[in-house]
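Asks: Please read through the structure below; I'll follow up with questions.
The values are calculated or read from the model by the stated rules, or taken from the named source; none is laboratory data. Please read all numbers here as calculations on a predicted model, not as lab measurements. Cβ sites come from the backbone with ideal geometry, for glycine too, and all protein chains shown count toward neighbours.
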Amino acid sequence: MMERYITPMMTLFVLAVPVFTHAVTWEMDPAHSSFQFKVRHMTVSSVKGDFSKFRGVVIIDDKDITQMKVEMAIEAASVNTGHPQRDDHLRGQDFFDVIKYPAITFVSSKVTKADGDKLRVTGDLTIHGVTREITVDMEGPAAEVKDPGGNFRRGATATAKIDRRDFGLAWNKVLDSGGLVVGDEVNIYVEVELIRK
């Protein structure tokens, strides 16, 4: 189902490559990448989870790293917190509503340099059919290396924080102590390995 969202998106994105003279297109390698999140549970601990199915491309111009472009899509139904009942709840209408909104997407709009090799990537994140602009802190991309199979690879690490309520994910319950079952702030951690097309 997610293919109908990803294929047109990726095709249009890759067609933009000739705009950048020194640009190279890189595809995310799902086998060596991860998209994880962490959220408070009952104010006493944190629950971690991840998404196992995703696709993405990154266009990198090493002559001007601020021209980097990022576009990716995650299959919302691939959410996994290690607890089947909780995962079913997350896939349902209280949260991701994956039947109606199968894909979570991010499309970059601006890249600025930060300290060292760090970057700040601003773009549109769409979850649950709601799009909000967010800024992602990125380390990398690392210099490319050649793997034993002859493929060129490079990687990057990224982090971000969002308020889930901004995306219509507002379900909660109040505890007897006055706290909430689910925290509103979501911490996002991304490790991406890229393969040169």
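Asks: Between Thr105, Thr122, Thr126, which is out of contact with any Cys (no Cβ under 6 Å at 6 or more places or on another chain) and surrounded by fewer than 17 Cβ atoms within 10 Å (Cβ to Cβ)?
Replies: Sole residue among the options that is out of contact with any Cys (no Cβ under 6 Å at 6 or more places or on another chain) and surrounded by fewer than 17 Cβ atoms within 10 Å (Cβ to Cβ): Thr122.
Asks: Kindly indicate whether any position in segment 85-95 is buried (at least 17 other Cβ atoms within 10 Å of the Cβ) and within 16 Å of the chain's Cα centre (by Cα).
Replies: no
Asks: I'd like to check which strands (runs of 3 or more DSSP E) are fully inside segment 57-158 and have at least 2 residues that are among the acidic types (Asp, Glu). Reasoning before the result, please.
Replies: Details: elements: 69-75, 103-113, 118-127, 130-139.
In segment 57-158, the matching strands (runs of 3 or more DSSP E) lie at 69-75, 130-139.
Asks: For segment 46-67, what are the residues that are of a type outside the set (Gly, Ala, Ser) and either within 14 Å of the chain's Cα centre (by Cα) or surrounded by 22 or more Cβ atoms within 10 Å (Cβ to Cβ) (or both)?
Replies: Asp50, Phe51, Lys53, Phe54, Arg55, Val57, Val58, Ile60, listed by residue number.
Asks: Looking only at residues that are among the hydroxyl-bearing types (Ser, Thr, Tyr) and within 16 Å of Met72 (Cβ to Cβ) in segment 108-119, which one is surrounded by the fewest Cβ atoms within 10 Å (Cβ to Cβ)?
Replies: The qualifying residue surrounded by the fewest Cβ atoms within 10 Å (Cβ to Cβ) is Ser109.
Asks: Still on this model: With the structure loaded, tell me whether Asp50 is in contact with a His (Cβ under 7 Å, 6 or more places away or on another chain) and modelled with pLDDT of 95 or more or whether it fails that test.
Replies: No: the conditions fail for Asp50.
Asks: Okay, next question. Scan (1) in contact with a helix residue (DSSP H, G or I) (Cβ under 6 Å, 6 or more places away or on another chain); (2) within 15 Å of Ile104 (Cα to Cα) for the single condition Asp184 breaks and write down its number.
Replies: Only one criterion is unmet by Asp184, namely (2).
Asks: Every residue in segment 26-47 that is more than 19 Å from Ala143 (Cβ to Cβ) and at pLDDT 95 or above, please.
Replies: Matches in segment 26-47: Ser34, Phe35, Gln36, Phe37, Lys38.
Asks: Return the total of residues in segment 130-146 being surrounded by 12 or more Cβ atoms within 10 Å (Cβ to Cβ) and over 15 Å from Ile162 (Cβ atoms).
Replies: Adding up the residues that qualify gives 6.
Asks: Does Ala76 fit the bill of being surrounded by 14 or more Cβ atoms within 10 Å (Cβ to Cβ) and under 25 Å from Asn172 (Cβ atoms)?
Replies: It is true that Ala76 is surrounded by 14 or more Cβ atoms within 10 Å (Cβ to Cβ) and under 25 Å from Asn172 (Cβ atoms).
Asks: Can you tell me which of (1) within 26 Å of Val145 (Cα to Cα); (2) at pLDDT 95 or above is the one Ile99 doesn't meet?
Replies: (1)
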